[in-house]
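For reference, the structure is listed below as structure tokens.
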């Protein structure tokens, strides 16, 4: 019985120690905070073949081939609009934007799961300013995924 009590105490002590380390890491700023390059919010309209993209995402990656570095950013597209926040935004300079677009939210009523994707992984280069800005994205019809009926 004494071994069981000591074993339970060790487990609780280990858990408490790990929780303490996690709290210390957060208080020290490890893994986040204001350290690192300044970041800027980015937003804009997203269209496909001239029409608003209902649902999708934009991945924003510094273009290392053009000498840019720093953290990337991500934004969800909702009803033709995307937006990052300044603390999760871009570092400015040359970037590669990778955009995916869908006709609606996958799994929603009335959305055919076999015919939801408008386009997948459309990439474009953009030189973004080092300030909060808007950047509209226009995806051409040629980037589209053929519908199941046309495949």
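General observations
- Three-way shape call for region 75-134 based on the alpha-carbon gyration tensor, with the a/c threshold at 1.5: prolate
- Highest-first arrangement of 60-72, 85-97, where packing means the average Cβ count within 10 Å: 85-97, 60-72
- Global geometry of region 42-148, whether rounded, prolate or oblate, following the gyration tensor of its Cα atoms and the 1.5 cut on a/c: prolate
No lab work stands behind these numbers, since they all come straight from the coordinates. Treat the numbers as computed from the prediction; the structure is a model and nothing was measured. Positions of Cβ are generated from backbone atoms using ideal geometry, with glycine treated the same way; all protein chains shown enter the neighbour counts.
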